[in-house]
Amino acid sequence: MTLFQGAVDEQLSAPPQPQRTALAALAAAGAFAVVAHAAFQRQADGPAAAVLAGSIYLAMVLAVAGVGGWWALRDLGRIDPGASRTLLYRLLAVAVWAPPFVLLCVQGSWAALVAAAAGGVAGAEAFRAMQEQFEGPDEEDEPPKGLLLPLEASQNTIDRARAARVAAVGIYLSVLFACDGRMAWAGTLFGGTCALVAWYGLGSPSRTASGERSSHRLAKRIALGLLVTILALLPQAGGLLGGAGPDDADPRTRAALANLRAEYSSVILTAEPQAEPSLPSPPRPRPDSFRVAPADSVASIPFTGEYWFFFRPMRRPDPDALRKPGSPLTLRYRSVDQSGLVMEANQPLDAPLALSCCGAIDLVLLGWETEPSTIGLELVLIDSTHTRNRAVSLGAQALTDPFRPPVRLRFPVPAGASIQQFDQIRVRFLLDDSREERSASLSISRFELVR
């Protein structure tokens, strides 16, 4: 007999709908997981640190869900502590998937859908058990009788058919969001879809399972959730989980990064030579009011320069900077002490070009940046032929989601600039405060001079 079958004393009655409070508790745990994930990502500098950070992260999320779940089930706990404890275990089995889901969404990993599905199924199981505990099991409709038997269906069958149609749409939309890189939307929708399917697919959850069995089941789920959380924090496991990882995907780069701040204050990556034609003769000087010429009159400058990584308040790399061939697409860097990372690209020219050679400069970018909206790019033309370098900025432009390479940004050349020629092109990667400790996964393909 469930708690509310038959007459009970009014003073011992639990709230009519504690499910709402339990749902609010899970929402609070999820919100905490979203807010706190960045702090734990910064602390995961190695395997041991990832294990510690993941354990603390998961424990704090479970604590938030546990307190809220205890409050929702407090009245039931006075009457039937065993049933209350079993339901609380079921709620914690849902919250355990919040940390890995958030971390995998940040990385843009498709594994986030698996975590969302596990949480959705666990949620359906938990709330179905709560419904049966407080309201009694749903009564199955009796099979229809009569001459129109083939045309009749029970209400339960109709509800399942409707749920199947909604689930089909949910899965379709989840795949669309995931392909568009919106893993948070995709995971939330997919988790809800899995919860809907599980709700109508579940029979009668084992509400009478012993507390020992429930605790063992919860321990297994916590261990699995902790393992996925630690893997999501480890950069070396980024490929295993289908994401780029919070840091360098290359283990050799990660090992070198551990000693970067202690031994080097800056890094210079030299771009590998590109098999492109040499710079043609520049176009004729433009009139005062320039116009964009057709595409066939564009002159191209392949990027063969250097990528600079250093820390504020430095203005350029140190003379003893670590030099190595590579690209921001294959080598990613992160500040290990929370200092602001500065990322720039510098392209020297064989000979100075007159500023009047073009009316605009197109910057063509490649890469697989998962957070393009946190990055802006500024293009600066430098004349280093003078004793003191002179420069003019062509302004800054922000990237937008989604990033589909190649991306072309056009920077108009202003009339009446302070320089008449330039022999260097510098690109500054303007990193947002939320990601200024991590380099951008972007590389420069070429510059195009437009009349």
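The values are calculated or read from the model by the stated rules, or taken from the named source; none is laboratory data. Please read these numbers as outputs of a predicted model, since none were measured by experiment. Because the Cβ atoms are built from the backbone with ideal geometry, glycine has one as well, and the counts that use them run over all protein chains shown.
Odds and ends about this structure:
- Answer from Ala351, Ala345 - the residue that is over 23 Å from Gln397 (Cα atoms), in contact (Cβ under 8 Å) with a residue 60 or more places away in the chain and of a type in the set (Gly, Ala, Ser): Ala351
- Given (1) more than 25 Å from Ser300 (Cβ to Cβ); (2) touching an Asp or Glu at 6+ places or on another chain (Cβ under 7 Å); (3) at pLDDT 90 or above, index of the condition Val342 fails: (2)
- Residue within segment 28-42 that is within 18 Å of Val228 (Cβ to Cβ) and either more than 19 Å from the chain's Cα centre (by Cα) or free of Cβ contacts under 8 Å to residues at least 12 places away in the same chain (or both) present: no
- Among the residues of segment 98-105, some residue qualifies, meaning at least one is closer than 21 Å to Trp71 by Cβ, at pLDDT 85 or above and buried (at least 21 other Cβ atoms within 10 Å of the Cβ).
- Some residue of segment 87-96 being surrounded by fewer than 24 Cβ atoms within 10 Å (Cβ to Cβ), basic (Lys, Arg) and in the same structural domain as His216 (by TED's automatic domain parsing): no
- The number of residues in segment 404-451 that are without any contact (Cβ under 8 Å) to a residue 60 or more places away in the chain, farther than 24 Å from Gly359 by Cβ and aromatic (Phe, Trp, Tyr) comes to 0.
- Hits in segment 67-112 (condition: part of a helix (DSSP H, G or I) and either of a type in the set (D, E, K, R) or without any contact (Cβ under 8 Å) to a residue 40 or more places away in the chain (or both)): Trp70, Arg74, Asp75, Gly77, Arg78, Pro81, Ser84, Arg85, Leu88, Arg90
- Flag if Ala115 is in contact with a helix residue (DSSP H, G or I) (Cβ under 7 Å, 6 or more places away or on another chain), on the phi < 0 side of the Ramachandran plot and modelled with pLDDT under 85: no
- Some residue of segment 391-413 being over 27 Å from Met314 (Cβ atoms), of a type in the set (Ser, Thr, Tyr) and crowded, with 16+ Cβ neighbours inside 10 Å: no
- Residue match in segment 300-312 (condition: out of contact with any helix residue (DSSP H, G or I) (no Cβ under 6 Å at 6 or more places or on another chain), at pLDDT below 80, assigned by TED's automatic domain parsing to the domain that holds Leu430 and hydroxyl-bearing (Ser, Thr, Tyr)): no
- Qualifying positions in segment 1-59 - modelled with pLDDT under 65, aliphatic (A, V, I, L, M) and outside any loop (DSSP other than H, G, I, E, B): Leu12
- Matching residues, segment 414-450, being surrounded by fewer than 21 Cβ atoms within 10 Å (Cβ to Cβ) and of a type in the set (Val, Ile, Thr): Ile419
Matching residues to (1) of a type in the set (Phe, Trp, Tyr); (2) more than 24 Å from Gly340 (Cβ to Cβ); (3) part of a strand (DSSP E or B); (4) assigned by TED's automatic domain parsing to the domain that holds Arg316:
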{"residue": "Ala415", "(1), (2), (3), (4)": "no, yes, no, yes"}
{"residue": "Ile419", "(1), (2), (3), (4)": "no, yes, no, yes"}
{"residue": "Asp423", "(1), (2), (3), (4)": "no, yes, yes, yes"}
{"residue": "Arg428", "(1), (2), (3), (4)": "no, no, yes, yes"}
{"residue": "Ala440", "(1), (2), (3), (4)": "no, no, no, yes"}
